[in-house]
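> Quick one: the structure is below, questions incoming.
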Protein chains: 2
Amino acid sequence: MTVKATSKTDVLIVGAGPAGLMLALWLARLGVDARIVDKRTDKVYSGQADGFQIRSLEILDSFGIAQRIWNESNHMVEVCFWNPDETGRICRDSRVVNGKAGLSRFHEVVLHQGRAETFFLDAIRDSYGPQQPTRGEPKAGGQAGKTHGDTSSGPDVGGQQQPRQVSVERRVMPTSLTIDEDAAAEDNRDSYPVTVALRHLSENEATPTQMLSNVQDGLFRSNLSPPDGVDPSSATIPEGIEEVVQCKYVVGCDGAHSWTRKALGPEYEMVGEMTDYIWGVLDIVPITDFPDIRNRTMIHSADNGSMMVIPRENRLVRLYIQLTEVSVGGGRVDRSQIKPDMILSAAKKIMHPYKIDYHYCDWWTAYQIGQRVGKHFSKLNRVFLAGDAVHTHSPKAGQGMNVSMQDTFNLGWKLGLVCKGVAKPSILSTYEFERKPIANQLIAFDHRFSRLFSGRPVKDILDETGVSMGEFGAAFRQSHMQFTTAVGIKYSPNMLVVGGDDEEDKKDDTGSDHKQAPSPAAACVPGMRFASHQVLRHSDARPWQLHHKMQSDGRFRLVVFGGHVSSQRDLQRADELGDWLVSHLLPKLPALAVMPGTTNLHGGGRPGHGFQPEQPPSILDVLLVYHGQENISVGEHLSFHSAYQPFDPKLGHDYDKVFVDRPSHHNGNGDAYNAYGVDQYKGAIVGVRPDGVVGLAVGLDKESWVEVENWLEGILCKAK
Amino acid sequence: MTVKATSKTDVLIVGAGPAGLMLALWLARLGVDARIVDKRTDKVYSGQADGFQIRSLEILDSFGIAQRIWNESNHMVEVCFWNPDETGRICRDSRVVNGKAGLSRFHEVVLHQGRAETFFLDAIRDSYGPQQPTRGEPKAGGQAGKTHGDTSSGPDVGGQQQPRQVSVERRVMPTSLTIDEDAAAEDNRDSYPVTVALRHLSENEATPTQMLSNVQDGLFRSNLSPPDGVDPSSATIPEGIEEVVQCKYVVGCDGAHSWTRKALGPEYEMVGEMTDYIWGVLDIVPITDFPDIRNRTMIHSADNGSMMVIPRENRLVRLYIQLTEVSVGGGRVDRSQIKPDMILSAAKKIMHPYKIDYHYCDWWTAYQIGQRVGKHFSKLNRVFLAGDAVHTHSPKAGQGMNVSMQDTFNLGWKLGLVCKGVAKPSILSTYEFERKPIANQLIAFDHRFSRLFSGRPVKDILDETGVSMGEFGAAFRQSHMQFTTAVGIKYSPNMLVVGGDDEEDKKDDTGSDHKQAPSPAAACVPGMRFASHQVLRHSDARPWQLHHKMQSDGRFRLVVFGGHVSSQRDLQRADELGDWLVSHLLPKLPALAVMPGTTNLHGGGRPGHGFQPEQPPSILDVLLVYHGQENISVGEHLSFHSAYQPFDPKLGHDYDKVFVDRPSHHNGNGDAYNAYGVDQYKGAIVGVRPDGVVGLAVGLDKESWVEVENWLEGILCKAK
């Protein structure tokens, strides 16, 4: 083997789908030296995933991406259930809100996955600020020789050199992976224990079948098709285009047929089962008289199978159509049986007496329902698996892309802060601890839901093999309260999550707290996401979603609910906490520079055009939210402790850290204290992780300050 | 004179500031062959205008631009008045909402003019759809030889060839303008009666002083400085870089020292007067203890003059500071007297006892208040003047850029539809008829407001030369009800505006109607802007601002308030109107192709990626808004007349034309029938011009149909 290039990187990401791109975006935003490779020539242009769930939109909004998705997507506001009547004719059983109003400022929307990938690529590039000359996407073909061999650095960012840019290297795939287990176990920040060989593919090798046919089909990547990866044991490296990369960490985001997972050995195989249910998918511009074609609609026909209508952007509609006439016989289906006209024919039978036809077909595929989950999500906390590489299931609940992005949203900040030397490497073990239970819940849900959906509707009370439509509807609605929105998921207590009795809380996923001692912030449950509610900025009365002041920039946040600071008692209490923060806690914590693309999102200018302070800010960002009683912010002369209104000799005061809970002039009342479950006289402190998950919720008393200190000291390195 | 190139264009725009770019955007969206030239090398990067008023934001939203401004801008939610107390110390007199809540979904925001220019340039380019390879701004230097000499055309758009792209040609200015008055008067669509010679400047000639100094100053373009245009009588055309352009129409958007205005002769001079009030402007990152530094604040000091605080994007604040110590003596001030430290020194005296200082200064300028307005806005309806070329005044009410953009928003669709051959040339006379009264109102307002603001506060009731702070505050608040927001402006009846007694309506600008006969849509006043309220799309219950279904694409719109279509009576009434529209009116009206960038804005996909129908749509777009009584849209089997749910054999039904007034699941209740003043049982038809101005408001009865027909036939050419 002729080795032409040897290089180093902190993190190597294998696979540039939504999971890999989410991770790359995190690392770009944190200024970490990372690479992301993908064997395909280009991103996905049609078909694939399309559902964006509430929590995913909140997460994407924390990177400034959600608004583009929100604008372009189709919004699924209502959901319709069509069932057979007593004559067997389908009719609308009910039409209700899709999900539960009030869970979030977002609700479920549908947009082609390829657009999200574009937005990820834009956001990764923009992380480095607008001064970079390269505005287009990187050209196909590896950039290792150029970008990563380039030792020149960007402009000065908050007192540190700007890191080299992360950008997707396409037509590149790994061919071998080895771990130096001794070096991996060491808590040595400078060791690169994982070695990966990369092979640069020719254009033919990298072009998927999708691009060669006229109407694009997705069979090549569906789970009906054979694995499309190159077997790690058989790959050969042509002379001249191989590269050996020494990595601190490697993350496999390379899909259901993950090369990385296979390279880790047989004990990483996924376990689960296939069903006999076969479904086809059509992305079409429908010509139909079906009244609910622009609503999310579930149709159970009497005898011809089930169907789901997902209205998409433009005039597209995605139809999931059960193929009851494809024979399976306990094994894998013969994919050559399935063609679009066969899928359409099945749809016509299910929709009868309504008509359905099309002139334009954008994409189609077929799949056999199965549920599988990985046994391990990590090897030695040096190689990680995420997304489809560790969980696959049926697509109809719109979970795949969402759970995959949420996997790497959980992992990204942990890896990034460890690489930056500000967090302890031991936090990496929380990735599998937190995400594997979510994958198991997902598989269990999908198992139940797909059987209810694929089953034949019950005909009468004597029909024991049929599925009750009432049970199906209830299961669907319940899922919206639970984890399909992902706002209801909860991580069990660990070094990042203080408190919360896991067994107790499992019974209630709506955000209320069942512990014995009442929490000072009852709706801020450790292990669950910190919700967003509207508050007004003290300095100018502008309404903000609190999430907009909690961008994904790697920072931990203390949200100090200070009570009525217009009263002397509460102001003094807030000032005492401010003294302790400024004189005791903040000096112990490390700093973390802000990448240019992270600043000033959501109003107040555009990314990269702020005036930079001379010193990078602390990794702990303190936000004061007080309770206002009047329609106008408190008096002329109220000044806040410098913990809440930091002063820079060149930039003056930072007026963007103090907020008030009171009605706005134009946007109603956020009623934030009530919404967070905080008593307006007692107040509270809520610690929020960089991924928006509540780490702890304590009172304003001095005993609680110690809890905050212990929580952060368990996670973070000392200030240098 | 050696003429190297002779070319033709339908519209030549001189000046690429906000007025010129607004016009260019209209013409790009309509697919008109147009050129826009500017003598500067580049767009504005700092200083200049920054306020975006409500109506401007609504207009920019109709082109898909407003959201970018809304996101990046600073929002001015409250306004503070600081006056001297009895000891002469300034103190906060009041803090109130800035403007009136509920006028619009927007309120006043502040962002540097250069960003708006960037968004205009992006929107002009995107009008032609995403398939164009050129993504960057055009390079400096004329493109006449390339872009406009290029005979190749873009892809097919809705059955017609795509026009050549409009893009700004920089470092180009006109040197002569002649009108063939005989040809101009003819109603001949193929005549090019205006001939303009263009000169291509060298880089030195085109670079303004602004770019040469370290801290950028705006004196070069303020009205203290001499005109920066080249005198039309003295310009010489160097050999080899001149061009003669034959134009159907020319529009001068070239600022207060307009070359175009001068070229039209002395009878086009502006009339008005200068005052003795001198003001300085600083764009700084302030270091201050003044509590309202992040609010729009008016300070009247006892003896040191007045000041206005305009908080900007990022940490910038613009300060308008009265310079009481600069001597004027009835003439023009000597600009060499004024420096930033002198302006800061004046600010310190006004703000005392609060401190104000800065480390960063982004821009500064000074100006002498004056008000001037042009006598004529057009010559023969072949050459037009717009923006600062016909009205200049003081900047503090944030009107200049707004009124300028609104001038060309009024003119653009008229010119465009005439050039496309779908509207009668006689509509062009309505530009001056409609816009000149607005300029006169603006000047009168500014005259009053600037004197109240620059005057010394009254000390006691015997102080006859002082200004009453009560009167000042009342004038400021009243202006928000009137035309500074521009939602209250009203055009008098003309061929585009049917009905409305002008003298009566002048007394009330809030939108209510004082005519004798009650209007069927009381809050839709002919001559005023059609407001936006939330309705739900019938097909999927998604809430929309009705404005989002009324994009600026050149189309007239009939908003049919059909009442309760769930009742047989109202459904039949709507169907009868539908029959008349489809069989009688629509066939008589011309078609108008949709440019790719105009489709699918605000959800439902991205521009240019829709599936195009084979035939261009009618210039009349019909929207049905019915009144719903339940929380869920009406029944399973309700189908709408093809006038409201058009059918295309390849694309199926268009589900985007029928809306219901009922509460939404996530976004409250638009209460549209009430908000538009329409009786839910009687209904109404409102005709809306392409610029969003109400053209007529009539009932649903058959007599009213004739009024609709007459209105459109007076404006539009017959279908070909």
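> Just one of the numbered conditions (1) charged (D, E, K, R); (2) under 30 Å from A:Asn83 (Cβ atoms); (3) crowded, with 20+ Cβ neighbours inside 10 Å; (4) touching a helix residue (DSSP H, G or I) at 6+ places or on another chain (Cβ under 7 Å) is not true of A:Asp446; which one?
(4)
> Tell me which of these B:Pro607 doesn't satisfy, since it passes every other one: (1) within 8 Å of another protein chain (Cβ to nearest Cβ); (2) at pLDDT below 60; (3) more than 19 Å from B:Arg557 (Cα to Cα).
(1)
> For the stretch A:273-313, enumerate the residues that are in contact with a helix residue (DSSP H, G or I) (Cβ under 8 Å, 6 or more places away or on another chain), away from every other protein chain (no Cβ under 13 Å) and not hydrophobic (A, V, I, L, M, F, W, C).
Correct list: A:Thr275, A:Tyr277, A:Gly280, A:His300, A:Ser301, A:Asn304, A:Gly305, A:Ser306.
> Also, I was wondering about something else. Is it fair to say A:Phe63 is over 21 Å from A:Pro596 (Cβ atoms), more than 10 Å from chain B (Cβ to nearest Cβ) and buried (at least 24 other Cβ atoms within 10 Å of the Cβ)?
Against the criterion (over 21 Å from A:Pro596 (Cβ atoms), more than 10 Å from chain B (Cβ to nearest Cβ) and buried (at least 24 other Cβ atoms within 10 Å of the Cβ)), A:Phe63 does not qualify.
> Further question on the same structure: Specify which of the listed residues (B:Ala184, B:Ala206) is aliphatic (A, V, I, L, M) and modelled with pLDDT of 75 or more.
B:Ala184
> Got a sec? Which of B:Arg35, B:Arg40, B:Arg55, B:Arg105 is of a type in the set (Lys, Arg), crowded, with 18+ Cβ neighbours inside 10 Å and within 9 Å of chain A (Cβ to nearest Cβ)?
From the options B:Arg35, B:Arg40, B:Arg55, B:Arg105, the qualifying one is B:Arg105.
> From B:Val110, B:Val77, grab the single residue that is open to solvent by less than 40 Å² (accessible area, probe 1.4 Å), among the β-branched types (Val, Ile, Thr) and facing chain A (nearest Cβ under 9 Å).
Checking each option against the conditions leaves just B:Val77.
> Moving on to the next point. Got at least one residue in the stretch A:477-487 being modelled with pLDDT of 85 or more and open to solvent by 10 Å² or more (accessible area, probe 1.4 Å)?
Within the stretch A:477-487, one or more residues are modelled with pLDDT of 85 or more and open to solvent by 10 Å² or more (accessible area, probe 1.4 Å).
> On to the next question. Within the stretch A:340-358, work out how many residues are open to solvent by 10 Å² or more (accessible area, probe 1.4 Å) and under 35 Å from the mean Cα position of the chain (by Cα).
4
> Of the conditions (1) crowded, with 16+ Cβ neighbours inside 10 Å; (2) charged (D, E, K, R); (3) farther than 18 Å from A:Phe472 by Cβ, A:Arg92 satisfies every one except a single condition; which number is it?
Of (1) crowded, with 16+ Cβ neighbours inside 10 Å; (2) charged (D, E, K, R); (3) farther than 18 Å from A:Phe472 by Cβ, only one is false for A:Arg92: (3).
> Inside the stretch B:297-410, counting only strands (runs of 3 or more DSSP E) that do not spill past its ends, which hold 3 or more residues that are of a type outside the set (Val, Ile, Thr)?
The strands (runs of 3 or more DSSP E) meeting that bar are B:306-311, B:317-322, B:356-374.
> Any residue that is open to solvent by less than 60 Å² (accessible area, probe 1.4 Å), modelled with pLDDT under 65 and in contact with a Ser or Thr (Cβ under 8 Å, 6 or more places away or on another chain) - is there at least one of those in the stretch B:237-248?
Yes: the stretch B:237-248 contains one or more residues that are open to solvent by less than 60 Å² (accessible area, probe 1.4 Å), modelled with pLDDT under 65 and in contact with a Ser or Thr (Cβ under 8 Å, 6 or more places away or on another chain).
> So which residues in the stretch B:16-32 are in a loop (DSSP other than H, G, I, E, B) and either open to solvent by less than 10 Å² (accessible area, probe 1.4 Å) or under 19 Å from B:Tyr128 (Cα atoms) (or both), if there are any at all?
Answer for the stretch B:16-32, where residues must be in a loop (DSSP other than H, G, I, E, B) and either open to solvent by less than 10 Å² (accessible area, probe 1.4 Å) or under 19 Å from B:Tyr128 (Cα atoms) (or both): B:Ala16, B:Gly31, B:Val32.
> Here's something else I'd like to know. Among the residues in the stretch B:628-638, are any more than 10 Å from every other protein chain (Cβ to nearest Cβ), open to solvent by less than 40 Å² (accessible area, probe 1.4 Å) and either modelled with pLDDT of 70 or more or in contact with a strand residue (DSSP E or B) (Cβ under 6 Å, 6 or more places away or on another chain) (or both)?
Yes: the stretch B:628-638 contains one or more residues that are more than 10 Å from every other protein chain (Cβ to nearest Cβ), open to solvent by less than 40 Å² (accessible area, probe 1.4 Å) and either modelled with pLDDT of 70 or more or in contact with a strand residue (DSSP E or B) (Cβ under 6 Å, 6 or more places away or on another chain) (or both).
> Of all residues in the stretch A:534-558 being over 28 Å from A:Phe120 (Cβ atoms) and part of a strand (DSSP E or B), which is nearest to the chain's Cα centre (by Cα)?
Kept after step one, since they are over 28 Å from A:Phe120 (Cβ atoms), are these residues of the stretch A:534-558: A:535-543, A:558.
With part of a strand (DSSP E or B) added as a condition, the list becomes A:535-537, A:543, A:558.
Values: A:Val535: 25, A:Leu536: 27, A:Arg537: 28, A:Pro543: 26, A:Leu558: 22 Å.
The residue in question is A:Leu558.
> For the stretch A:528-582, what are the residues that are open to solvent by 20 Å² or more (accessible area, probe 1.4 Å) and of a type in the set (Lys, Arg)?
Those that are open to solvent by 20 Å² or more (accessible area, probe 1.4 Å) and of a type in the set (Lys, Arg): A:Arg529, A:Arg537, A:Lys549, A:Arg569, A:Arg573.
> Another question, if that's okay. Out of all the residues in the stretch B:642-673, which are within 12 Å of another protein chain (Cβ to nearest Cβ), farther than 28 Å from B:Leu585 by Cβ and surrounded by fewer than 17 Cβ atoms within 10 Å (Cβ to Cβ)?
Hits for the stretch B:642-673 are B:Pro663, B:Asn667, B:Gly668.
> For the stretch B:365-397, give me each residue that is closer than 17 Å to B:Tyr320 by Cα and open to solvent by less than 20 Å² (accessible area, probe 1.4 Å).
Passing the criteria: B:Thr365, B:Ala366, B:Tyr367, B:Gln368, B:Ile369, B:Gly370, B:Ser394, B:Lys396, B:Ala397.
The values are calculated or read from the model by the stated rules, or taken from the named source; none is laboratory data. The model shown is predicted, which means the values in this text are computed figures rather than measured ones. FYI the Cβ positions are ideal-geometry reconstructions off the backbone, even for glycines, and counts take in every protein chain you see. In case anyone asks, the SASA skips ligands and DNA or RNA and just uses the protein heavy atoms, side chains included. Shrake-Rupley method; radii C 1.70, N 1.55, O 1.52, S 1.80 Å.
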